[in-house]
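> Handing you this structure, nothing more for now.
The values are calculated or read from the model by the stated rules, or taken from the named source; none is laboratory data. All values reported here derive from a predicted model rather than from experimental measurement. For neighbour counting, all protein chains shown are included, and Cβ atoms are generated from backbone atoms with ideal geometry for every residue, glycine included.
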């Protein structure tokens, strides 16, 4: 009987449980046939939400149905309109719970609370009273939800949309709040009267703690002084408007900040930011600020005066300025006369950014640099200087710095004696070795000096007509390396490229002679070029 009493108490709250308990138990049914499994007996001590179900098997564990809805969207502006509490948990499990009637909501008071249904836990723990059942789903306070979509809106949608827009709007100007807090008039009958009272009480307590209680009787200050006060508290949050970008500001700390360009404060030249939201981007979001005058900045924060020398990319020149700065903010700028020797460092930095291509290179200086580079590769044991781009940029102060005084604009670069600068960098002694090891020209058998091209990555290149090389059986060399010969036609067009001149005379020359003889009949094409005399002219005319 004790077990029956313990089970009857919790079943009393289930609708119809008392009436079922008062009825006499039915007579037992005949036993099933031997072929069918015997149903499990009903446990009278079971107090689960299923209620008494004699002659039934234990309820298998069930998962929440997929149709069990998650938290439906409900506007936080509509929920307070309802006068009904959230629905309680039904005693029936989700599997046996009757489906809700599809009656449409007639008003927002009936529509809003019906959405406060929370999805039950995915893995509910077994009930301690009944091992065969799982815990019933519980109801909890719903999290904040977005407003409903227009297609599913209740009848009071216009009111909720306007209210939501009003609540989202927040004036970033601090002055109206300060004016209300500094005023000694009673608080207006608004929903924020308690907050205003707390602000005034806190300010009064602070004045009494620091011994300034007499300020309670002094005339109220102007809210315009809030900007100066914030500048003293947050000097790194003084913001300057970016030119041509309403609503975008640069803080004294170097960080960017922005607010809605339609706000009146978006057009203020200076602000002091009291509340800044650090976004994931490069600029923060200004939520609360006060305007500030330039005179207030000078009187309150004392900006520093500095003289700067910078390279202006637009003017392509060194600009000297005297600036008044507050951190990263340039409050005032004044151009100075032409800078002196201090501009050399600025020009050197500009040259590194622009690259060596901005210097006045000539064929002479280009060849000089290429010859030294070739010798540095062919004869590394001699210690020739590195005249590559990276090496020259790293040593600009050494080889080009002495020639930079007086150079303040890019147009002045044409005055630079680049050849003299490179020769001084190479050294006078090495220049003599350079003429011997890597000559600028090579005299061919016809007696004409032909320039050598050292800019090719494969080494020196000798470009000459075939008639100028008659009688030459070996390939010329420079610094112990054979030159690359470009054999040209009488018109200067390339016929063949080789480093083996003797092999060319033996193999390929016959085919070239056969082809070129008909095209250029006025030029000599001997059968044995190694025995012929080199010439720079055509065949002599017959008398």
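> Among the residues of region 238-253, are any touching a strand residue (DSSP E or B) at 6+ places or on another chain (Cβ under 9 Å), in the same structural domain as residue 295 (by the TED database) and on the phi > 0 side of the Ramachandran plot?
Taking every residue of region 238-253 in turn, at least one turns out to be touching a strand residue (DSSP E or B) at 6+ places or on another chain (Cβ under 9 Å), in the same structural domain as residue 295 (by the TED database) and on the phi > 0 side of the Ramachandran plot.
> Consider region 210-236. How many of its residues are loosely packed, with under 14 Cβ neighbours inside 10 Å and modelled with pLDDT under 80?
12
> Oh, and also: If I ask for residues that are surrounded by fewer than 16 Cβ atoms within 10 Å (Cβ to Cβ) and touching a helix residue (DSSP H, G or I) at 6+ places or on another chain (Cβ under 7 Å), which ones from region 468-479 would you list?
Scanning region 468-479 gives 473, 474.
> Which condition number in (1) touching a residue at least 24 places away in the same chain (Cβ under 8 Å); (2) under 25 Å from residue 176 (Cα atoms); (3) surrounded by fewer than 13 Cβ atoms within 10 Å (Cβ to Cβ) is the one that residue 254 fails?
In the conditions (1) touching a residue at least 24 places away in the same chain (Cβ under 8 Å); (2) under 25 Å from residue 176 (Cα atoms); (3) surrounded by fewer than 13 Cβ atoms within 10 Å (Cβ to Cβ), residue 254 misses (2) alone.
> Limited to region 370-399, what total is found for residues that are exposed (fewer than 15 other Cβ atoms within 10 Å of the Cβ) and within 22 Å of residue 459 (Cβ to Cβ)?
Qualifying residue count for the region: 10.
> Which one of 359, 368, 326, 393 is under 16 Å from residue 407 (Cα atoms), touching a helix residue (DSSP H, G or I) at 6+ places or on another chain (Cβ under 8 Å) and touching a residue at least 40 places away in the same chain (Cβ under 8 Å)?
Just one listed residue meets the conditions, 359.
> Can residue 318 be described as under 30 Å from residue 426 (Cα atoms) and assigned to a strand (DSSP E or B)?
It is true that residue 318 is under 30 Å from residue 426 (Cα atoms) and assigned to a strand (DSSP E or B).
> Against the definition (within 30 Å of residue 301 (Cβ to Cβ), buried (at least 18 other Cβ atoms within 10 Å of the Cβ) and under 32 Å from the mean Cα position of the chain (by Cα)), how does residue 326 come out, yes or no?
yes
> Right, residue 414: touching a residue at least 40 places away in the same chain (Cβ under 8 Å) and in a helix (DSSP H, G or I) or not?
yes
> Closer than 17 Å to residue 172 by Cβ and part of a strand (DSSP E or B): does that describe residue 260?
It is false that residue 260 is closer than 17 Å to residue 172 by Cβ and part of a strand (DSSP E or B).
> How many residues are assigned to a loop (DSSP other than H, G, I, E, B), under 30 Å from the mean Cα position of the chain (by Cα) and loosely packed, with under 14 Cβ neighbours inside 10 Å if we restrict to region 263-307?
The qualifying residues number 6.
> Determine which member of the set 279, 335 is within 20 Å of residue 412 (Cβ to Cβ), at pLDDT below 90 and not assigned by the TED database to the domain that holds residue 392.
When all the criteria are applied, what remains is 335.
> Within the set of pairs 6 or more residues apart or between chains, which connect a residue that is surrounded by 10 or more Cβ atoms within 10 Å (Cβ to Cβ) inside region 188-207 to a residue that is outside any helix (DSSP H, G or I) and modelled with pLDDT under 75 with Cβ atoms less than 7 Å apart?
193/187; 196/187; 197/187
Listed here are the residues, each with its yes/no results for (1) under 57 Å from the mean Cα position of the chain (by Cα); (2) outside any helix (DSSP H, G or I); (3) over 23 Å from residue 375 (Cα atoms); (4) at pLDDT 95 or above.
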position	(1), (2), (3), (4)
429	yes, no, no, no
435	yes, no, no, no
446	no, yes, yes, no
456	yes, yes, no, no
471	no, yes, yes, no
491	no, yes, yes, no
496	yes, yes, yes, no
507	no, no, yes, no
517	no, no, yes, no
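> Taking the residues in region 175-209 that are assigned to a loop (DSSP other than H, G, I, E, B) and within 26 Å of residue 275 (Cα to Cα) as candidates, determine which candidate is modelled with the highest pLDDT.
For region 175-209, the residue satisfying everything is 183.
> Residue under question is residue 437, and the condition is that it be crowded, with 16+ Cβ neighbours inside 10 Å and in contact with a helix residue (DSSP H, G or I) (Cβ under 9 Å, 6 or more places away or on another chain); does it hold?
yes
> Give region 458-467 a look and list any residue that's crowded, with 18+ Cβ neighbours inside 10 Å and not in a helix (DSSP H, G or I), or say none.
Once the filter is applied, which keeps residues that are crowded, with 18+ Cβ neighbours inside 10 Å and not in a helix (DSSP H, G or I), region 458-467 yields 459, 460, 462, 464, 465.
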